[in-house]
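See structure below.
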Amino acid sequence: MSAELQASRRDATLILTLSNPGAKNALHPDMYAAAIETLATAERDSSIRAVVLTGADGFFCSGGNLNRLLENRTKAKSAQAESIDSLHSWIEAIRDCPKPVIAAVEGGAAGAGFSLALACDLIVSGTSAKFVMAYVKVGLTPDGGGSWFVSKALPRQLATEVLLEGKPILAPRLHELGVINKLVADGTALDTALEWADQLAAQSPNAVERIKSLVQEAQTDTLAQHFESEKKNFVESLHHRDAQEGITAFLEKRKPQYK
C-alpha cells in the first residue's frame, strides 16, 4: 500500500489518519494535497465541528521519507522546493482551519511529523511517545515550520538543544512544559482526542472559530491591536444567534443547543 491520508467521520468529528504501512507513516506529497482539499471541505461543512489528526498502526508520523529525499537530489532543486511548499500549505491549512484540530499521538512524531503535531491546536499523547527534530543527524535543516513551532513552544535554550542535538524529547517532558495538553495511557490517545472533540463540538461554533482566530492573532499582535480585535469579536459574537442560545440556556439552567 502507498502513503495516503485516510478520512472518516465520527458524529461531528472529522478523523484524518496518516497511513504509510511499513514506513511509520512517513509523509508523501500525495498526503499534502489530500489534506489541503479535505480541510477545505471541512471548513465549508457546518456539520463538522472538530478535526482529529492521528497516525495508523500505533505511530503518528516519522516525517519525510529519506529514500525519496535522496532521489530528489538527482532532480532540480525546484522539485524539492515545490514539495516543501505543498507541506507548508498543509501546515497553514491546519492553522487556518476554523474548526479546532487535535493531534492524537502514539509512538512518536519525528521531523515534519513533529511539526504537524505542533501545528494542531491541541495535542493528546500516549505516555511513551517520543518527539524529535533529527534533521541535523542527516545534515538537513527543519521544514514544515519545525524550527518556528519549537522556538515558540519551548524556551530558546531548550529549542536550540532540541534542534542542534536532534535527540528525542519524551512526551512527559513536553507535557510538563505545557506543549502537550493531555498525557494518557499508551493506546488511548485517539479515544481521548475523540472524546475531547465531542466536548468541543457542543460549544458555540461561532465562538470556537473566533477564539481560535484570536489565539492565532495574539502570536503577532501588539496589546493595542489585540484589544481592537477582541472588541470586534465580542460585539459580533454578542449579536450572533449562538450568544442568544448560550445566554438563554445559562439563565434557564439547561444545556445550550447550537445549530
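The values are calculated or read from the model by the stated rules, or taken from the named source; none is laboratory data. All values reported here derive from a predicted model rather than from experimental measurement. Don't worry about glycine lacking a Cβ; one is built from the backbone with ideal geometry, like all the others, and counts go over all protein chains shown.
Check segment 46-66 and report whether any residue there is without any contact (Cβ under 8 Å) to a residue 24 or more places away in the chain and either in contact with a Cys (Cβ under 8 Å, 6 or more places away or on another chain) or more than 23 Å from T188 (Cβ to Cβ) (or both).
No.
For segment 132-156, enumerate the residues that are in a helix (DSSP H, G or I), free of Cβ contacts under 8 Å to residues at least 40 places away in the same chain and within 19 Å of I180 (Cα to Cα).
G146, S147, W148, F149, V150, S151, A153, R156
Checking the conditions here, which among L194, L200, L190, L177 is within 30 Å of A56 (Cα to Cα), in contact (Cβ under 8 Å) with a residue 24 or more places away in the chain, in contact with a helix residue (DSSP H, G or I) (Cβ under 9 Å, 6 or more places away or on another chain) and buried (at least 17 other Cβ atoms within 10 Å of the Cβ)?
Residue meeting the stated conditions: L200.
Going by what's in this entry, would L122 be described as out of contact with any His (no Cβ under 8 Å at 6 or more places or on another chain), modelled with pLDDT of 95 or more and within 23 Å of D186 (Cα to Cα)?
yes
Hey, among R49, R9, which residue is under 17 Å from L194 (Cα atoms) and surrounded by fewer than 13 Cβ atoms within 10 Å (Cβ to Cβ)?
R9
What are the residue pairs meeting all of these: first residue in segment 237-249, first residue of a type in the set (A, V, I, L, M, F, W, C), second residue not in a loop (DSSP other than H, G, I, E, B), Cβ atoms under 7 Å, and 6 or more apart or on different chains?
A243/S237
For A159, state whether it is under 26 Å from T41 (Cβ atoms) and assigned by TED's automatic domain parsing to the domain that holds L27.
No, not satisfied.
Going residue by residue through segment 112-123, is there one that turns out to be in the same structural domain as K24 (by TED's automatic domain parsing) and in contact with an Asp or Glu (Cβ under 7 Å, 6 or more places away or on another chain)?
There is at least one residue in segment 112-123 that is in the same structural domain as K24 (by TED's automatic domain parsing) and in contact with an Asp or Glu (Cβ under 7 Å, 6 or more places away or on another chain).
Tell me yes or no: at least one residue of segment 154-162 is under 17 Å from F59 (Cβ atoms), surrounded by fewer than 22 Cβ atoms within 10 Å (Cβ to Cβ), over 16 Å from the mean Cα position of the chain (by Cα) and modelled with pLDDT of 95 or more.
no
Please count how many residues of segment 233-252 are touching a helix residue (DSSP H, G or I) at 6+ places or on another chain (Cβ under 7 Å), within 22 Å of E217 (Cα to Cα) and in a helix (DSSP H, G or I).
Final tally of qualifying residues: 2.
Does N233 qualify as being out of contact with any strand residue (DSSP E or B) (no Cβ under 6 Å at 6 or more places or on another chain), crowded, with 18+ Cβ neighbours inside 10 Å and free of Cβ contacts under 8 Å to residues at least 24 places away in the same chain?
Taking the combined requirement at face value, the residue satisfies it.
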